Amino acid sequence: MGLFSKKGPSGFSSTSTAEEVTQGIDATGASSGIGTETTRVLVLRGAYVVMAVRNKDAGINVKEAILKEIPDAKIDVTGLDLSSMASVRKFAEEYNSKGLPLNILINNAGVMVDKFKLSQDNIELDFATNHLGHFLLTNLLLENMKHTSRKSSIEGRIVNVSSLGHRYTYREGIRFEIINDKSRYKSYKNYVAYAESKLANILHANELTRRLKKGFSANSLHPGTIRTNIMRNDISVKCLLKVLRLIFISKTIQQGAATTCFLALNPQVKGVSGEYYVDCNIAKPSSQANDADLAKRLWDFSFSLTNLK
């Protein structure tokens with residue numbers, strides 16, 4: 001059950017599930033692990049969900065499984081490779097052209113590569129997928145969200161799935177000057193690069209909060225320690241996770257999706273923005289995550305890399 005399952009101010013704790021934190025909520029307006037459970041619970045609460053996934057076949061399998069449980073679920077599956085800016089632009093253009101409303105954007109996808117790799121856009125792969133793809137996607141869908149919010153009078157919500165691991169990044173937080181240049185690393189540690197991208201998730205949400213007007217919220221979260229496909233290639237991470245699971249901080253997939261669903265749907269979050277959540281309650285991230293200058297620098301750096309106008 002865990003030593004840290006005491007309920008916080010929200011009334012929920014580390015053992016709360018995604019269904020519990022959305023109980024009684026009527027929502028209107030991904031292919032594995034937490035993404036799958038998040039999708040299932042959102043459609044269970046009446047939301048129309050577009051699953052944007054890299055493996056479309058896996059996404060279709062998830063959709064079919066959910067439809068067996070929830071026959072009237074409103075759910076679509078479309079392809080999206082967040083490590084590719086061309087794929088992100090194509091998805092956003094197609095989504096916006098359909099005139100589909102958008103109240104909630106959940107930036108959930110994540111990778112932890114086993115060694116230094118560059119995306120097809122020559123961006124370090126963890127940073128490209130876990131942050132830059134989400135950054136570009138959010139900006140390209142933002143006008144749609146603003147329009148939907150004005151028309152529906154419902155707050156738009158942006159949810160960035162970060163990690164407790166954001167605390168274990170480089171000393172300077174984000175290595176802007178060398179992030180995409182392997183030759184300038186003395187040593188490349190995959191879990192530190194992952195932490196760097198997860199710090200970027202929090203900084204992104206915080207800077208969005210400073211830039212967006214009323215009617216929007218942008219928050220980040222740590223879902224908990226859950227065994228998912230993200231660590232399938234890393235033996236050291238597998239061993240560490242096994243130890244943690246034997247102690248007290250492991251979560252089920254249902255519990256791991258709870259904070260994401262809480263931020264997406266729960267009325268307690270209305271009007272709250274720029275916060276970092278753990279176990280459905282506001283928590284304190286690292287000092288780097290609260291660095292406004294670092295957040296602005298990341299925004300400008302990401303804006304330049306994505307060639308946004």
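The values are calculated or read from the model by the stated rules, or taken from the named source; none is laboratory data. Because the structure is predicted, anything quoted here is derived from the model rather than measured. All Cβ positions, even for glycine, are placed from backbone atoms using ideal geometry, and neighbour counts span all protein chains on display.
Residues of segment 174-212 that are in a helix (DSSP H, G or I), of a type in the set (S, T, N, Q) and farther than 20 Å from Gln120 by Cα: Asn201, Asn206, Thr209. Pairs linking a residue in segment 198-223 that is on the phi < 0 side of the Ramachandran plot to a residue that is assigned to a strand (DSSP E or B) and among the basic types (Lys, Arg), with Cβ atoms under 7 Å and 6 or more positions apart or on different chains, are Ser217/Arg157. Looking across segment 139-170, the residues that are under 18 Å from Lys214 (Cβ atoms), outside any strand (DSSP E or B) and under 18 Å from the mean Cα position of the chain (by Cα) come down to Leu142, Met145.
Conditions (1) small (Gly, Ala, Ser); (2) farther than 30 Å from Ser153 by Cβ; (3) at pLDDT below 95, marked per residue:
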residue: Phe248; (1), (2), (3): no, yes, yes
residue: Gly274; (1), (2), (3): yes, no, no
residue: Pro285; (1), (2), (3): no, yes, no
residue: Asp291; (1), (2), (3): no, yes, no
residue: Ala295; (1), (2), (3): yes, no, no
residue: Phe301; (1), (2), (3): no, yes, no
residue: Ser304; (1), (2), (3): yes, yes, no
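Taking segment 267-309 as the range and being farther than 21 Å from Thr138 by Cβ, part of a loop (DSSP other than H, G, I, E, B) and polar (S, T, N, Q) as the test, the residues that pass are Ser286, Ser287. Taking the criterion of being of a type in the set (Val, Ile, Thr) and out of contact with any Leu (no Cβ under 6 Å at 6 or more places or on another chain), would at least one residue in segment 139-152 satisfy it? No - not one qualifying residue is present in segment 139-152. Selection of segment 163-195 for residues being surrounded by 15 or more Cβ atoms within 10 Å (Cβ to Cβ) and of a type in the set (Val, Ile, Thr) yields Thr169, Ile174, Ile179, Val192. Restricting Ile226, Ile174 to residues that are farther than 30 Å from Thr148 by Cβ, touching a Lys or Arg at 6+ places or on another chain (Cβ under 9 Å) and modelled with pLDDT of 95 or more narrows the list to Ile174. Of everything in segment 54-74 that is in a helix (DSSP H, G or I) and of a type in the set (Gly, Ala, Ser), the residue that is surrounded by the most Cβ atoms within 10 Å (Cβ to Cβ) is Gly59.
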